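The values are calculated or read from the model by the stated rules, or taken from the named source; none is laboratory data. Nothing here was measured: the structure is a model prediction, and the numbers come from that model. Here the Cβ positions follow ideal geometry from the backbone for every residue, glycine too, while neighbour counts run over all protein chains shown.
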Number of protein chains: 2
Amino acid sequence: MVRAHRATIQDVAVLSGLSICTVSRALRNLPNVSEKAQRQVADAAAKLGYKASSAASRLAGGSTGSIAIIAPTATAWFFAQAVEAAEEVFADSGYDTVLISLRNKASVRRKVLGDLSGLAQRVDGVLLLNVELSDDEIADLLASGLAVASVGMSKVPWDNVGIDDEHAAWAATSHLLGLGHWDLAVLAGRETRGNSVLTSGDRLKGFGRALAEHHLTVHPDLVISADSSIDGGRRAMTELIAHRSVPSAIFAECDEAAFGALMALREHGLSAPKNVSIIGIDDHPMSWFLGLSTVAQPVADQGAFAANLLCERLQNPGAPHQAANHLLDTKLIERKTTRRKR
Amino acid sequence: MVRAHRATIQDVAVLSGLSICTVSRALRNLPNVSEKAQRQVADAAAKLGYKASSAASRLAGGSTGSIAIIAPTATAWFFAQAVEAAEEVFADSGYDTVLISLRNKASVRRKVLGDLSGLAQRVDGVLLLNVELSDDEIADLLASGLAVASVGMSKVPWDNVGIDDEHAAWAATSHLLGLGHWDLAVLAGRETRGNSVLTSGDRLKGFGRALAEHHLTVHPDLVISADSSIDGGRRAMTELIAHRSVPSAIFAECDEAAFGALMALREHGLSAPKNVSIIGIDDHPMSWFLGLSTVAQPVADQGAFAANLLCERLQNPGAPHQAANHLLDTKLIERKTTRRKR
DNA sequence: CGAAAAAGTGTAAGCGTTTACAATTTTTAC
DNA sequence: GTAAAAATTGTAAACGCTTACACTTTTTCG
């Protein structure tokens, strides 16, 4: 049944015998509404199937009822998982999810981050997924009036959920070192330059720390910049094979890049762990099948957790709040792509 | 630089020396605006960096500036690809993308499809990705006033982009039959019941047609309902192995399900093509690596194409239009999981 | 019990657009 | 050159909500 005309707050006011103003307050659980009025309004609203018009609400200074998720790309496994988990939380809290993919493009990134006040007009909050931010951008975001939360970003002045990237990378690298490998390459995510707060910066740090603990240093030639994707890993590995000698072990910053590396290896008649040991981070559903050693992280949990924190902030606007960085556990999973160096 | 207060249409009117009304019309390229006025308005708007408030616009009867994408799930490879491609088109046309995942849940589905008039209030159009619709739901959608386009849905009264599912399935199945297999199982997507318009219905039909051409009939026990995901394929295959004899070949309706089947096989000490031949549909980036035979389809293209059609409709509201079903090409790719039956 | 304080409710003015419709200017046609 | 038609522009009323402020009712307390 499609109602000819959506019920307006006016209709609810008439049905409940109260003024529009009281209805508005009752509906938003503002103070100064008697229990009786509260009940009457709730009944009337329910009876009419009333839902506030987000446009009108927004225009009058209320909320938009939607939250944006900004991700470097929407296709990577990690982001698709996190986005869906967050979307679920948002939907259950009554928010629409506006998806904004940066498409791994600086131009798109600039456009999106450059119009925060425009964004603030269309959504109540933003969930950032691994978006590298400069200090200025952080300041702009804070000034935009948007509620903010993030996944995978350290040292930001808002709630963040992630894993201990440095530790995860350290664990992966240490695993390789423990197996006797000392000639290590890392497939690092792009965008590690600038005053970055990106995941891959920390992962690189963990890699370096593990090496240092074994009295080794990071060789710049073996820090390969690769897109965090199958294709990125494949290209990086292909290049590595073509232009340098293959190291004895490789730490890929995500499983998909490791998959790509595995492919490139096979294209050149090589394989893991025979010619090179490989470990990733993620525990992608294909990793088990491919025997990829990796550091597992809870992805959907991160998205859902951060989304919940954001919703909470939105629902208690005034509440004092101390931004926190929540780190979820990771676990090294040894499979078949890593083995002792002989 | 963050402007203290966003420029309103009022500001543009003053700067251009015209009335709000004329500005509004000029901005939306409506008729009855002199070239001179058009120019003045454009200049003033540009100078002020003016962008209409979507909330106000919407409230007054204009457009919302956003489009919803509704998908059965957002994590599956196919959907993630299509969503990102569509989002790109929408963003480039100035629309926000509202992502709505049905999470493969009937309850969510019901909620979303049951409040189309609510949705119509928040977005201008909807891009449906493989959403099974009843006749009533199609009627509701048509009545909602939303512009609609879809991917992977046949026989719908709006623009659709897809592949010839029946043909793709026929090609995959015929490949298996041509290899001498006659004992075939199919891993079919769920939700093929009811007055469905879903992809998998057509794929099942293609499967049946190929069998019929070889004077074989579809054995109900070998039509396995499986989620279109790695896990779905894995569960289905596990069950198949446990409760029946393994057929000599399997047609999986998507590559991810085939991956899952491959996993289950391995867990039971079996493998393709040794114990069973397997073919999928998609050409997922991992398929090449796993040697999976498949029928390749252009995924991002479908999303982008449909998104473009939707934008066109939105930009020419009045224009007469004949809904069309655009079918993109597919291609059988024979790899290593299929071979002649001995 | 009465005055002051507190709690609850209503009035009316926006918020920034779109859009009938009226008013004005320009063009057309005789 | 003028009346009628066409094109352009402006006025003002929505759209459905929030909120400052005024008003009324209830509670508190000496």
Subject >> Whichever residue in segment A:8-20 is outside any helix (DSSP H, G or I) and surrounded by fewer than 19 Cβ atoms within 10 Å (Cβ to Cβ) and, among such residues, is farthest from DNA strand D (Cβ to nearest atom) >> reply: A:17
Subject >> Selection status of residue B:3, among the basic types (Lys, Arg), within 12 Å of DNA strand C (Cβ to nearest atom) and either modelled with pLDDT of 95 or more or in a helix (DSSP H, G or I) (or both) >> reply: no
**OP:** From A:23, A:83, A:41, A:89, grab the single residue that is near DNA strand D (Cβ under 8 Å from one of its atoms) and crowded, with 21+ Cβ neighbours inside 10 Å.
**Re:** A:23
Original post:
Say we look at segment A:26-38 and pick out the residues that are under 22 Å from residue A:58 (Cα atoms) and not in a helix (DSSP H, G or I); which of these is nearest to DNA strand D (Cβ to nearest atom)?
Top reply: A:28
Original post:
Within segment B:240-299, how many residues turn out to be basic (Lys, Arg) and either free of Cβ contacts under 8 Å to residues at least 12 places away in the same chain or closer than 15 Å to residue B:168 by Cα (or both)?
Top reply: 2
Original post:
Filtering segment B:217-248 down to residues that are among the small types (Gly, Ala, Ser) and in a helix (DSSP H, G or I), which residue is surrounded by the fewest Cβ atoms within 10 Å (Cβ to Cβ)?
Top reply: B:242
Original post:
Counting just the residues of segment A:35-62 that are at the interface with chain B (Cβ under 9 Å from one of its Cβ atoms) and of a type in the set (Ser, Thr, Tyr), which one comes out nearest to the chain's Cα centre (by Cα)?
Top reply: A:54
Subject >> Extreme residue, nearest to the other protein chains (Cβ to nearest Cβ), among residues of segment B:111-156 that are farther than 19 Å from residue A:99 by Cα and acidic (Asp, Glu) >> reply: B:140
**OP:** Name the strands (runs of 3 or more DSSP E) wholly inside segment A:110-216 in which the number of residues that are among the charged types (D, E, K, R) is 1 or more.
**Re:** A:159-163
Original post:
Does residue A:65 count as touching a Gly at 6+ places or on another chain (Cβ under 7 Å), within 16 Å of DNA strand C (Cβ to nearest atom) and facing chain B (nearest Cβ under 9 Å)?
Top reply: yes
Original post:
Take the residues of segment A:26-37 that are within 21 Å of residue A:54 (Cα to Cα) and surrounded by 14 or more Cβ atoms within 10 Å (Cβ to Cβ): which is nearest to DNA strand C (Cβ to nearest atom)?
Top reply: A:26
Original post:
Could we say that residue A:324 is out of contact with any Cys (no Cβ under 7 Å at 6 or more places or on another chain), modelled with pLDDT of 95 or more and surrounded by 15 or more Cβ atoms within 10 Å (Cβ to Cβ) here?
Top reply: no
**OP:** Being more than 7 Å from chain A (Cβ to nearest Cβ) and of a type outside the set (A, V, I, L, M, F, W, C) is the filter here, so list the residues in segment B:74-101 that pass it.
**Re:** B:92, B:93, B:94, B:95
Original post:
Could you give every pair whose Cβ atoms fall below 9 Å, whose first residue belongs to segment A:52-78 and is at positive phi, and whose second residue is part of a helix (DSSP H, G or I) and within 13 Å of DNA strand C (Cβ to nearest atom), counting only separations of at least 6 or pairs across chains?
Top reply: A:65/A:54; A:65/A:57; A:65/A:58
Subject >> Matching residues in segment B:139-153 - criterion: being closer than 13 Å to residue B:119 by Cα and small (Gly, Ala, Ser) >> reply: B:143, B:144, B:145, B:147
Original post:
With A:74, A:85 as the choices, which residue is more than 22 Å from residue A:111 (Cβ to Cβ) and not charged (D, E, K, R)?
Top reply: A:85
